[in-house]
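Asker: Sharing a structure below in C-alpha cells format, with a few things to ask.
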Amino acid sequence: MNFLDVLNNRRSIRKYKDKKISELKIKKILKSGMMAPSAHNQQLWQFIVIDDRNIINKIADLHPYAKMLYQAPLVILICADLSKEKSKGFYSQDCSASMQNILLTIHDLGLGGVWISAYPKKDRINKIRKIINAPKNIIPFSLTPVGYPDEIRVKVNRFDVLKIHRNKWKNSID
Ligand SMILES: Cc1cc2nc3c(=O)[nH]c(=O)nc-3n(C[C@H](O)[C@H](O)[C@H](O)COP(=O)(O)O)c2cc1C
C-alpha cells in the first residue's frame, strides 16, 4: 500500500480473528514505533509485547473501554521511561507519535488495532504498572491490541475546510 492509502484507510479495529501474529510482523510494528520523532531525540519509549492471556485479560478488566482486549491475541503497550527524560514534560507527545506510527504499520500489514489510553488517567497508569511489574519511573502510556481484523470498517473522510485558517484566526472561507 502506498503511504497515503495507509493513512486514509486506517480505522480502529475492535474485533479480531483467533490467529497468532508472526514475530516478523511484531518486529516491523515495534521498529516503526521506534522510528518516531521525539523531543530532544530522547526516545524514552519502552514497548511491552504482551501475549499472555492472563495479563491481557487483567488489563481488559481494569479498563472501562478496552473490552475488545479479551479477544486480542497480542497487545503492544508503550511506556515512557522518565529516567531517560531530557526534555521535561514532552513524553506524551513522543509516545503519541510512536503510537500513531504503530497503528499505521499495523494497518499496512493487514492487521487491526485501536489506540487505548492509560495516560493521563492515574488509576489506569498505576494499575497497569503493577500488572507488568514495572518500577515507578515507567509510565504505561497507551496500548493497542494487534490482531487479524474480524470486522470491516468503511473509509471516512474527515477533511473539513472550516478547520483551516491562514495566517490568522479566521475561517478560510470568510
Ligand atoms: C487518545 C485516544 C484514546 C482512545 N481511547 C480509546 C478507548 O479507550 N477505547 C476505544 O475503543 N477506542 C479508543 N480510541 C479510538 C477512538 O475511538 C478512534 O480513534 C476514533 O473514534 C476515530 O475512529 P478511527 O480510529 O476508526 O478513525 C482512542 C483514540 C485516541 C487517539
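Asker: Quick one: net charge around VAL114, please, counting Lys, Arg +1 and Asp, Glu -1 for every other residue with C-beta under 14 Å from its C-beta.
Answerer: +4
Asker: If you rank HIS63, HIS165, HIS40, HIS107 by how much accessible surface each has, with a 1.4 Å probe, what is the order from largest down?
Answerer: The ordering from most to least exposed comes out as HIS40, HIS165, HIS107, HIS63.
Asker: Using a cut-off of 12 Å between beta-carbons, work out the net charge of the residues near LYS155 (Lys and Arg +1, Asp and Glu -1, LYS155 not included).
Answerer: +3
Asker: May I ask which of LYS121/LYS170; LYS67/LYS130; LYS25/LYS122 have a Cα-Cα span longer than 26 Å here?
Answerer: LYS121/LYS170; LYS25/LYS122
Asker: In addition: With a sphere of radius 10 Å drawn around the Cβ of ILE59, what net charge do the other residues whose Cβ falls strictly inside it have (Lys, Arg +1; Asp, Glu -1)?
Answerer: Charge balance in the 10 Å sphere: +2.
Asker: Expressed as a whole percentage, what fraction of the accessible surface of the chain belongs to carbon and sulfur atoms when a 1.4 Å probe is rolled over the protein heavy atoms?
Answerer: Of all accessible area on the chain, carbon and sulfur atoms account for 53 percent.
Asker: Would you please give the residues with an amide H less than 5 Å from that of TRP115, counting only those at least 5 places away or on a separate chain, with H modeled from the backbone geometry?
Answerer: Sorted by chain and number, the residues that satisfy this come to none at all.
Asker: Cross-link candidates for LYS27: which lysines have Cα within less than 16 Å, leaving aside residues fewer than 8 places away along the same chain?
Answerer: none
Asker: Suppose each label sits 7 Å from its Cα in the direction of the beta carbon; what would the ASN133-PHE159 distance come out to in nanometres?
Answerer: In this crude label model, ASN133 to PHE159 measures out at 5.1 nm.
Asker: Roughly how much of ASP5 is accessible, in Å² to the nearest 10, using a 1.4 Å probe?
Answerer: ASP5 exposes around 70 Å² with every protein chain in place.
Asker: Given all pairs of different Cα atoms, what value in angstroms does the Kirkwood hydrodynamic radius of region 39-132 take?
Answerer: Averaging 1/r across every pair of different Cα atoms and inverting gives 14.1 Å.
Asker: Based only on Cα atoms, what mean projected area does the convex hull of the chain have, in nm²?
Answerer: 12.0 nm²
Asker: Roughly how many Å² is the accessible area per residue of region 29-174, as a whole number, for a 1.4 Å probe?
Answerer: Per residue, region 29-174 has 57 Å² of solvent-accessible surface.
The values are calculated or read from the model by the stated rules, or taken from the named source; none is laboratory data. Everything numeric in this text was worked out from a predicted model, so none of it was measured. Cβ: placed from backbone, ideal geometry, glycine included. Neighbour counts: every protein chain shown. Just the protein is used for accessible areas: all its heavy atoms, side chains included, with ligands, DNA and RNA removed. Shrake-Rupley method; radii C 1.70, N 1.55, O 1.52, S 1.80 Å.
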